[in-house]
1. I'm checking my understanding of the structure. Among residues of region 258-271 that are touching a strand residue (DSSP E or B) at 6+ places or on another chain (Cβ under 6 Å) and not in a strand (DSSP E or B), which one is farthest from Lys218 (Cα to Cα)?
2. I need the full set of residues from region 212-224 which are surrounded by 19 or more Cβ atoms within 10 Å (Cβ to Cβ) and more than 17 Å from Asp251 (Cβ to Cβ), in order please.
3. Among Gln246, Gln252, which is the only one that is of a type in the set (S, T, N, Q) and either in contact with a Cys (Cβ under 6 Å, 6 or more places away or on another chain) or under 21 Å from Ile49 (Cβ atoms) (or both)?
4. Given the criteria of a type in the set (A, V, I, L, M, F, W, C) and within 14 Å of Glu70 (Cα to Cα), does Leu145 qualify?
5. Any residue in region 83-98 that is crowded, with 18+ Cβ neighbours inside 10 Å, touching a strand residue (DSSP E or B) at 6+ places or on another chain (Cβ under 9 Å) and assigned to a helix (DSSP H, G or I)?
6. Provide a single number: the residues in region 118-129 that are closer than 17 Å to Glu99 by Cβ and at pLDDT below 75.
Amino acid sequence: MKQNLATIAFYNVENFYSKSSDESFLPSNFIKWKDNRYDTKVNKIAFCISKIGKLETDELPFLVGLAEVENDEVLQDLIQNDFLKDGNYKTLLYESLDERKINVGLIYRQQFFEVIESEPIRFVFKDQFDTRSYTRDILYVKGNLVGEIVHLFIIHLPSKIDKEINQLKRQHIFKTIRKRINNLLTENYLEKILVIGDFNDSPTNSDLIEELNTRSQKEQINRFELFNPMVSLQSYKRGSLIFKKQWMLFDQQLFSKGFFTSKSNLEYVKTDIFDVEFLKNTGGKSTGLPFRTFVGGKYFGGYSDHFPVYTILKY
């Protein structure tokens, strides 16, 4: 291990349903998922995770938040894969009421992270006809990361595509996260809080900045603000996914002020997009774009439509 460095990663793994999944949730030709395609996906995602931060730390990631995972069966298969089994990982996932049966989850290395408490933060919405609708839960985890207490919120926000329907949902979720963070920081302004996930929006979006109180410079954040390192990573040449032929950076990691004080034994080093060559297409018009598992109903056998994002911490 290089001078005690740890990787914290987040990865939206694109429709990662289990072998026992109800096929009605899956792309049209997913019936062959039960042949070898599921095993191929497990192997590819495990391989990718094993490489995140490896260059900097020479270690497997300590914590990996995941989105678009159906259930714990998928996480168990991941951590038992040859690429990850030496990490001695454990899993954490609560199945939500999401209509597509996709969830957020966590895998973590037991010798470096101890879960103290965890819970799903659940959302139930009603329209004007009193019809209920659901979205992914937020996974909240309080744990001991190499001797420091951290609070982790893993999120996968509703898409902005159905803007009128989902905008109120998004605002309510932002307000819920913000209230939880404020409560923690009111008790102790040095609490170490990470919000990681797929925000389905860019780091410079006004809702995110105003509702979650984010800033782009860590030197500028006050007691209740969060540092968003993704702002400086955003460009027309790079992102974590392609949306309408443009690079977008929906996958983000936010940090409270507790990581940037002299009293912290966890020192922030850097955040980056893990957009290495093996995660990209190598031919045709889509060269350099994420190598996906599916495009529509067509199977391509790749990794995901998102690149992972990760942070290196020194301890």
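1. Asn265
2. Across region 212-224, the qualifying residue is only Ile221.
3. Only one candidate passes the filter, namely Gln252.
4. Judged against the criteria, Leu145 is not a match.
5. Yes, region 83-98 contains at least one residue that is crowded, with 18+ Cβ neighbours inside 10 Å, touching a strand residue (DSSP E or B) at 6+ places or on another chain (Cβ under 9 Å) and assigned to a helix (DSSP H, G or I).
6. Number of matching residues: 3.
A quick yes/no check of all residues on (1) modelled with pLDDT of 95 or more; (2) of a type in the set (Lys, Arg); (3) not in a strand (DSSP E or B):
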site	(1), (2), (3)
Ile8	yes, no, no
Asn15	no, no, no
Ser20	no, no, yes
Pro27	no, no, yes
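Residues are listed down the side, and each one gets a yes or a no for (1) among the hydroxyl-bearing types (Ser, Thr, Tyr); (2) more than 23 Å from Gln234 (Cβ to Cβ); (3) free of Cβ contacts under 8 Å to residues at least 12 places away in the same chain; (4) in contact with a Lys or Arg (Cβ under 8 Å, 6 or more places away or on another chain):
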| residue | (1), (2), (3), (4) |
| --- | --- |
| Lys169 | no, yes, no, no |
| Lys175 | no, yes, no, no |
| Asn182 | no, yes, no, no |
| Tyr189 | yes, yes, no, yes |
| Ile196 | no, no, no, no |
| Asn200 | no, no, no, yes |
| Pro203 | no, no, no, no |
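The values are calculated or read from the model by the stated rules, or taken from the named source; none is laboratory data. These numbers come from a predicted model, not from an experiment. Please note: Cβ atoms are built from the backbone with ideal geometry, for glycine as well, and neighbour counts cover all protein chains shown.
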